[in-house]
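Asker: My structure is below; once you've seen it, I'll send some questions.
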Amino acid sequence: MSQYRFGPRKTGRLFTVSVLATVLFLAIPSIVSWFAPPVEAEREKVVISSEQSDWAVEFPELDCYWDPYGLAGQSWWCEDIYVQGSSTMWTDDPEKTLRRQVRANSMELDGSSGVVMESGDNLMYFYMPPEGSLEKPTLAMAIRGGGEAGGNENEVLFAIADGWDIAGLTQVGADLWEGLAGTPMQESFSDHPLFQEQDSPEIPQAPGQDSDPFPGLQPWLEPAPREQEFASVKENHVSPV
């Protein structure tokens, strides 16, 4: 009895067509973007707002580029200075909270180094990296709500700015502080030793850094103390017999 046996299925052509279709599908966005006109980023006013209420502060002096990849959508490039904003609740240890905010919003700092100054319930954080460090000069601030500042006393607006442009960082920091706290930065900390020339510490300057990076504010920061302490412990360490 005669029998008919089907030959092997030919899948080569189907596989080739499938691969070509997939490649074309994935390439379409790139092809379209290649011929589409470039979209220019638009400047906007920096606005730092609270997540707990409708408290928001706009900074007319800061006309910057919004960073869509920033945290909480409150991130901007103000020329070479990167600015971020967020909010949190008031705590019994505002300095620790500010340092934690620095650590959470910085790719380089852990918040333990640097100097924190107080002006009432408001705090300012300064950090100037030691020479040769890859860390950027940074300032941050925490402004408690209530009164003329806006918001309520249980919430805090936080802002941080960093960048290698010391003059730009100075101006951005002054604008942020005055917009949030309502008073000029120099006026808020006029009684702090770091603003007094006779009490200013001798600080090594970063390459190309101006001898007076913050007008009216003497160079203030020492290299990270944890590195110095580690070196001291290592030098004085005596191996057990």
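The values are calculated or read from the model by the stated rules, or taken from the named source; none is laboratory data. A quick note: this is a predicted structure, and the numbers were derived from the prediction, not measured. Cβ atoms come from the backbone with ideal geometry, glycine included; neighbour counts cover every protein chain shown. Ligands, DNA and RNA are stripped out before the accessible areas are found, and what is left, the full protein with its side chains, is counted by its heavy atoms. Shrake-Rupley method; radii C 1.70, N 1.55, O 1.52, S 1.80 Å.
Results for (1) over 17 Å from the mean Cα position of the chain (by Cα); (2) more than 26 Å from VAL57 (Cα to Cα); (3) at pLDDT below 90, shown as yes or no for each residue.
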{"site": "VAL102", "(1), (2), (3)": "no, no, no"}
{"site": "GLU108", "(1), (2), (3)": "no, yes, yes"}
{"site": "ASN122", "(1), (2), (3)": "yes, no, no"}
{"site": "GLU135", "(1), (2), (3)": "no, yes, yes"}
{"site": "LEU139", "(1), (2), (3)": "no, no, no"}
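Asker: Next question, about the same structure. Which one of these is touching a helix residue (DSSP H, G or I) at 6+ places or on another chain (Cβ under 6 Å) and open to solvent by 20 Å² or more (accessible area, probe 1.4 Å): VAL32, VAL116? Working first, answer last.
Answerer: Numbers: VAL32 fails: touching a helix residue (DSSP H, G or I) at 6+ places or on another chain (Cβ under 6 Å).
The unique qualifying residue is VAL116.
Asker: Return the residues of segment 134-169 that are touching a residue at least 40 places away in the same chain (Cβ under 8 Å) and among the polar types (S, T, N, Q); say none if nothing qualifies.
Answerer: Residues of segment 134-169 touching a residue at least 40 places away in the same chain (Cβ under 8 Å): 137, 140-142, 144-145, 150-169.
Once the filter is applied, which keeps residues that are touching a residue at least 40 places away in the same chain (Cβ under 8 Å) and among the polar types (S, T, N, Q), segment 134-169 yields ASN152, ASN154.
Asker: Name, by its number, the condition in (1) loosely packed, with under 10 Cβ neighbours inside 10 Å; (2) modelled with pLDDT of 80 or more that does not hold for GLN3.
Answerer: Here GLN3 clears every test but (2).
Asker: Now, a different point. Among (1) among the aromatic types (Phe, Trp, Tyr); (2) more than 23 Å from ASP54 (Cα to Cα); (3) open to solvent by 30 Å² or more (accessible area, probe 1.4 Å), which single condition is TYR127 missing?
Answerer: Single failed check for TYR127: (3).
Asker: If we keep just the residues of segment 130-156 that are over 27 Å from ASP54 (Cβ atoms) and touching a strand residue (DSSP E or B) at 6+ places or on another chain (Cβ under 7 Å), which is surrounded by the most Cβ atoms within 10 Å (Cβ to Cβ)? Walk me through it before giving the result.
Answerer: Initial filter on segment 130-156 (over 27 Å from ASP54 (Cβ atoms)): 130-138.
Restricting the remaining residues to those that are touching a strand residue (DSSP E or B) at 6+ places or on another chain (Cβ under 7 Å) gives 136-138.
Working: LYS136: 21, PRO137: 24, THR138: 26.
So the residue we want is THR138.
Asker: Yes or no: segment 69-82 includes at least one residue that is of a type in the set (Gly, Ala, Ser), part of a strand (DSSP E or B) and open to solvent by less than 30 Å² (accessible area, probe 1.4 Å).
Answerer: As a first pass, look at segment 69-82 and keep what is of a type in the set (Gly, Ala, Ser): 70, 72-73, 75.
Within this subset, residues satisfying the condition of being part of a strand (DSSP E or B) are 75.
Restricting the remaining residues to those that are open to solvent by less than 30 Å² (accessible area, probe 1.4 Å) gives 75.
Yes: segment 69-82 contains one or more residues that are of a type in the set (Gly, Ala, Ser), part of a strand (DSSP E or B) and open to solvent by less than 30 Å² (accessible area, probe 1.4 Å).
Asker: If LEU194 satisfies every condition in (1) surrounded by fewer than 20 Cβ atoms within 10 Å (Cβ to Cβ); (2) modelled with pLDDT of 75 or more; (3) in contact with a Leu (Cβ under 7 Å, 6 or more places away or on another chain) but one, which is the exception?
Answerer: The single condition LEU194 does not satisfy is (2).
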